[in-house]
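Have a look at the structure below, then the notes.
The values are calculated or read from the model by the stated rules, or taken from the named source; none is laboratory data. Only a predicted model underlies this, so the values are computations on that prediction, with no experimental measurement involved. Glycine also receives a Cβ, built like all others from the backbone with ideal geometry; neighbour counts cover every protein chain displayed. Calculation scope for accessible area: heavy atoms of the full protein, side chains included, ligands and nucleic acids excluded. Shrake-Rupley method; radii C 1.70, N 1.55, O 1.52, S 1.80 Å.
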Amino acid sequence: MHRNKILKILLILGGIVEIAIGILFLVLDPFLEQLGLENIPVITQMAGTFVLCYGILLIYSSRDVKKLVFIPLVNILARIIMIIFSLINLTEYPEFSMILVFAIPYDILWSLFFIIISKREGIILQKN
């Protein structure tokens, strides 16, 4: 399979996952209450909206990966920041450990795959 096709599939898959997570954040408040975690609904709603919109942007960037490569690169930066905060808060909120055990490796692997394939395609880190 051609690498550019793999990048498009990776972006679409990543976008679908982001949209699903965004929707999950939008309806997360009742579940957090059952866990006994106090939460300000506006925080999860803002996070859900942000992640949902970013999923749409990832899918949109699959239309022209070379031209819109900045979208997944910014997404990778956001993923790295979220991994750092997830690791910091993992011990503070053990209720989320089952979710984070799968989320952290997914974010790392998705980011690495995108960077490696993009570099091999000459989309990022090109030698002039």
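Just a few scattered comments:
- Scanning region 51-84 for residues that are in contact (Cβ under 8 Å) with a residue 40 or more places away in the chain, aliphatic (A, V, I, L, M) and open to solvent by 70 Å² or more (accessible area, probe 1.4 Å) gives Ile56, Leu57.
- Of the residues examined, Ile80 is one that is under 12 Å from the mean Cα position of the chain (by Cα) and in a helix (DSSP H, G or I).
- Screening the candidates Ile99, Ile71 for the property of being modelled with pLDDT of 80 or more and in a helix (DSSP H, G or I) yields one hit, Ile71.
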